[in-house]
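A short write-up of the structure that comes next.
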Amino acid sequence: MAGNEIAIEVKDVTKSFKVYLDKGSQLKERLLFFKRNKYEERKVLRGISFKVNKGEAIGLIGRNGCGKSTTLKLLTRIMYPDSGTIKMNGRVSSLIELGAGFHPDMSGRENIYTNASIFGLTRKEIDARLQDIIDFSELASFIDNPVRTYSSGMYMRLAFSVAINVDADILLIDEILAVGDANFQAKCFAKLKEIKAQGATIVIVSHSLGQIEQICDRSIWIYDGLIRAEGDPKEVDLEYLDFMSREMQKNMNSGNVTGACETERHGNGNARIEKVSSFSAEGEEQSVFRTGDRIVFRIGYSVKKKVEDAVFGLGVFNSKGISCYGTNTRIDRFDIFDISKDGTVEIVLEDVPLLPDVYTLDFTIECGDGIPVDYCRHIYKIEILSSVGDVGVARIKHSFGLDDNTDWKKSNRKDTENGQ
C-alpha cells in the first residue's frame, strides 16, 4: 500500500493520566500538606496501532473508560501520547466537545468566524461559506444572538455546521450526533455520507452501534486500552454485544447488578409479589437480552387472604417513561381463577421487538374489575441490546419494494426480520 493512501497512522501509542487521591482543594491545604498529594497512574492506552485509509470511515467502540475518546483527542492533538507516533495527512476538523472554542458572549455569526479560523480558513474562505453554514444549522433567526442564550441542541447545530464546511480531509467526531432532534440527526448523517463520498476520512466515537454501521467501513473495538477486534462493523459490533451481555450477566450473578429496582406499590395486601426473575429461551437467568429474544418472567407471590377472580399483569416502560406494552390475564381472556396459597406465575414474551434501551416493568395482582391487590410499579428492569439502527421504541417487521425503473441489485435486499 502506497504511503500517500494513508490518512491516519497510529503506531504503538500509550497514554497515562495521574489521578490524585488526596489533593487539597484549598491553597492552604496544598502548602501545608504538599507531601500528601498521592496519586495513582492510570494507563488508558497500552500500545494501540491502526491505520485509516483516505476516504475510509471507521468507528471506535467500547465501554466507558476504554480509551476511545482519549484516542480521538490524541488524533486532534488536544493531548499528546506518552510514547508512540501519530501521523495525520491532511486538514483536520473535529467535533470533540460540544461548542468547544465558542465564546459565550459572542454571537453565533462571530463564533463561526472564530471557530472556522481555528480550522485554518481565511476570512475570504469563511465569507464564501458563511451562508451555507447558517443554512445548514437552521439558526438564521438566532445567528446574531450571543451563544450563551443557545440551547445545547443549538450549540451542536452550529458546531457541526462549521466543522463540515471547512473542506477538511479528516473529520473526527465524538458522540456529538447523540444531541439534537431526530430530523437534524438524519440531516447530519446524510451530510456525513456526502462528505465521505467526496473522499473525506471520518473517525467516529459512538455508543450507538446503529450509527457506526450506517456510516463506517470498519469498527475498532478498544478494550482496556488495547484493540480487541477490528473489521466489518456488523461482525465486530455483534462480538462486542456478545461480550457486554456476558459481562453484565456475570455482574448480575455476582450480585453487582440486579434486575430488581426501587418500587412503588399499593393494593389491599391480600397477596404480595415477593420476587421477580427473568430468563432466556434456554432457561438461563439474566436481565440482558437482544432485540427479537424470547423473555420469560417468573413472579413469586405470597397469599395472606384468598384472592377471588385474580388477575396477573405486566407493563413495560422505556427509559423516558413511555409505556411500550401492557397486558394481563383478563385481556388474554383467561378463565376466572382464584389464588389461595403461595405460588409462581410465568409470563412469556415471544420475539420481543423492543429496540436498545433500559426498560422498567410493572407487575400487578388484581381482582374482580381491576381492584388492586398488589400493584408494583417499577419493580424490575431489563436491558435490551442490538446492533440494529432503527429508531423509535420497537422494530416492526417490514420490507422494501422498488419498481422496475430503479437501478438496484437483488443482492442489496436486507433481511428485516432479524434484529441481530
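The values are calculated or read from the model by the stated rules, or taken from the named source; none is laboratory data. These numbers come from a predicted model, not from an experiment. Here Cβ is always computed from backbone atoms with ideal geometry, including for glycine, and neighbour counts include all displayed protein chains.
Just a yes or no: is a residue in the stretch 210-219 of a type in the set (Asp, Glu), modelled with pLDDT of 90 or more and surrounded by fewer than 17 Cβ atoms within 10 Å (Cβ to Cβ)? Quick ask: steps written out before the conclusion?
Step one: filter the stretch 210-219 for residues of a type in the set (Asp, Glu), giving 213, 217.
Imposing the further condition that a residue be modelled with pLDDT of 90 or more reduces the set to 217.
Remaining after also requiring surrounded by fewer than 17 Cβ atoms within 10 Å (Cβ to Cβ): 217.
Within the stretch 210-219, one or more residues are of a type in the set (Asp, Glu), modelled with pLDDT of 90 or more and surrounded by fewer than 17 Cβ atoms within 10 Å (Cβ to Cβ).
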Give the number of residues within the stretch 347-356 that are on the phi > 0 side of the Ramachandran plot and in a strand (DSSP E or B). 0
Where Asp374 falls short, out of the listed (1) more than 14 Å from Val276 (Cα to Cα); (2) in the same structural domain as Glu285 (by TED's automatic domain parsing): (1)
Within the stretch 127-169, count every residue that is part of a helix (DSSP H, G or I), of a type in the set (A, V, I, L, M, F, W, C) and more than 24 Å from Ser208 (Cα to Cα). 5
Some residue of the stretch 360-367 being of a type in the set (D, E, K, R), touching a Leu at 6+ places or on another chain (Cβ under 9 Å) and either at pLDDT 90 or above or on the phi > 0 side of the Ramachandran plot (or both): yes
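Might you let me know whether the stretch 71-85 holds any residue that is part of a helix (DSSP H, G or I), touching a residue at least 12 places away in the same chain (Cβ under 8 Å) and surrounded by fewer than 15 Cβ atoms within 10 Å (Cβ to Cβ)? Talk me through it step by step, then tell me what you get.
Here is the first cut: in the stretch 71-85, the ones part of a helix (DSSP H, G or I) are 71-76.
Still in the list and also touching a residue at least 12 places away in the same chain (Cβ under 8 Å): 71-76.
Within this subset, residues satisfying the condition of being surrounded by fewer than 15 Cβ atoms within 10 Å (Cβ to Cβ) are none.
No, the stretch 71-85 contains no residue that is part of a helix (DSSP H, G or I), touching a residue at least 12 places away in the same chain (Cβ under 8 Å) and surrounded by fewer than 15 Cβ atoms within 10 Å (Cβ to Cβ).
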Could you say which residue among Gly59, Gly65, Gly55 is in the same structural domain as Gln198 (by TED's automatic domain parsing), under 21 Å from Leu209 (Cα atoms) and modelled with pLDDT under 90? Gly65
Looking at (1) buried (at least 17 other Cβ atoms within 10 Å of the Cβ); (2) part of a strand (DSSP E or B); (3) not hydroxyl-bearing (Ser, Thr, Tyr), which is the only condition Gly326 fails? (1)
Candidates Ser161, Ser206 - the one that is hydroxyl-bearing (Ser, Thr, Tyr) and either at pLDDT 85 or above or more than 25 Å from Asp12 (Cα to Cα) (or both): Ser161
Considering each residue of the stretch 245-269, count those that are at pLDDT 60 or above, crowded, with 16+ Cβ neighbours inside 10 Å and not polar (S, T, N, Q), and give that number. 3
Could you check Gly3 against (1) loosely packed, with under 13 Cβ neighbours inside 10 Å; (2) at pLDDT 85 or above; (3) out of contact with any strand residue (DSSP E or B) (no Cβ under 8 Å at 6 or more places or on another chain) and say which number it fails? (2)
Is the stretch 96-105 home to any residue that is more than 30 Å from the chain's Cα centre (by Cα), in the same structural domain as Ile195 (by TED's automatic domain parsing) and surrounded by fewer than 18 Cβ atoms within 10 Å (Cβ to Cβ)? yes
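Residues Ile220, Ile202: which one is over 23 Å from Val391 (Cβ atoms), of a type in the set (A, V, I, L, M), out of contact with any Gly (no Cβ under 6 Å at 6 or more places or on another chain) and part of a strand (DSSP E or B)?
On the way: Ile202 fails: over 23 Å from Val391 (Cβ atoms).
Within the list Ile220, Ile202, the selection yields Ile220.
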Residues being closer than 27 Å to Glu383 by Cα, out of contact with any Gly (no Cβ under 8 Å at 6 or more places or on another chain) and in contact (Cβ under 8 Å) with a residue 60 or more places away in the chain: count how many of those fall in the stretch 295-350. 7
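Quick check: is even one residue across the stretch 105-126 within 30 Å of Leu385 (Cα to Cα), of a type in the set (Lys, Arg) and part of a helix (DSSP H, G or I)?
First, pick out the residues of the stretch 105-126 that are within 30 Å of Leu385 (Cα to Cα): none.
No, the stretch 105-126 contains no residue that is within 30 Å of Leu385 (Cα to Cα), of a type in the set (Lys, Arg) and part of a helix (DSSP H, G or I).
Taking the conditions exactly as written (in the same structural domain as Ala7 (by TED's automatic domain parsing) and either assigned to a strand (DSSP E or B) or modelled with pLDDT of 90 or more (or both)), does Leu172 satisfy them or not?
On the way: in the same structural domain as Ala7 (by TED's automatic domain parsing): yes; either assigned to a strand (DSSP E or B) or modelled with pLDDT of 90 or more (or both): yes.
So Leu172 passes the test.
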